[in-house]
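Accompanying notes for the structure given below.
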Amino acid sequence: MKQVALVTGASRGIGRATAAELSGAGWAVCVNYLEHREAAEELVRQLRAGGREAIAVRADVADRRAVDAMVRTAETELGPIELLVNNAGISRQGLFQDTDDETWDRVLAVNLTGARNAARAVLPHMLSEKRGCIVNISSIWGLRGASCEVAYACSKAAVIGLTRSLALELAPSGIRVNCVAPGCIETDMVRALGRETRDMLVEETPLGRLGTPEDIAHAVAFLASSRASFLTGQVLTADGGFIV
């Protein structure tokens, strides 16, 4: 029986690695993107070349109507979604006092409301079938806070609250909801901080390196698998020991 996964923000970084990992595990994958169409379509070509089903669908996760339309497209072309990976996210650096309303609202709209929109869109089928899995991507900064990234840290802390609350609400319907909290990962978001900051983060990570997108993809794939069938409401911190 074919299993279908939707991965938001899947054209680059953690989302791209996760889509590839799930495809390799046999999932048909809907690759969501907003700006990087060519990267998303190239990923789809690679997955199809490996004999797997995949499509790329553009949608701003902060736009509920766009998300609903994306899910309808995925269900029509691939089948009902049984796994949602809420990965789409943005970050903005700056002092709290300098964070304007537009920036604050946009970060929360993408990182938190986007996860809410996607969950609401896929849940009708999951509830009717009494099965399904949602994996949210939070951050260690949602666990410990982050100077000069207050909006981002708040949004990621809220994602953890969403995870735990939905896990309790949906457990009687057989739907599992878990969360991965990545540490410092070698992505565009971290590279944008500059070489000096990157090197400092490496020094602060007990394992002595930044994580890779594939490290996080492995964690997501585990939580989505039958091996994690008794896990729900959990936050799996994948950070090389950064916040131990």
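Okay, here's what the table says:
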| quantity | calculated |
| --- | --- |
| Test: residue in the range 178-190 that is exposed (fewer than 14 other Cβ atoms within 10 Å of the Cβ), outside any loop (DSSP other than H, G, I, E, B) and over 14 Å from the mean Cα position of the chain (by Cα) | yes |
| Residue pairs meeting the criteria (Cβ under 7 Å; at least 6 apart or on separate chains; first touching a residue at least 40 places away in the same chain (Cβ under 8 Å) and assigned to a helix (DSSP H, G or I), in the range 80-108; second surrounded by 13 or more Cβ atoms within 10 Å (Cβ to Cβ) and of a type in the set (S, T, N, Q)) | V107/S155; L108/S155 |
| Test: residue in the range 183-202 that is among the hydroxyl-bearing types (S, T, Y), in contact with a Gly (Cβ under 9 Å, 6 or more places away or on another chain) and in contact (Cβ under 8 Å) with a residue 24 or more places away in the chain | yes |
| Answer from A171, A157, A153, A224 - the residue that is in contact with a Cys (Cβ under 7 Å, 6 or more places away or on another chain), at pLDDT 95 or above and of a type outside the set (K, R) | A224 |
| Test set (1) without any contact (Cβ under 8 Å) to a residue 12 or more places away in the chain; (2) crowded, with 20+ Cβ neighbours inside 10 Å - A146 fails condition number | (2) |
| Residue list for the range 207-244, restricted to those being in contact (Cβ under 8 Å) with a residue 12 or more places away in the chain, open to solvent by 50 Å² or more (accessible area, probe 1.4 Å), among the charged types (D, E, K, R) and farther than 16 Å from V85 by Cα | R209 |
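The values are calculated or read from the model by the stated rules, or taken from the named source; none is laboratory data. All of these numbers come straight from a predicted model, not from anything done at the bench. Cβ atoms come from the backbone with ideal geometry, glycine included; neighbour counts cover every protein chain shown. These area figures cover heavy atoms from the full protein model, side chains too; ligands, DNA and RNA do not enter into them. Shrake-Rupley method; radii C 1.70, N 1.55, O 1.52, S 1.80 Å.
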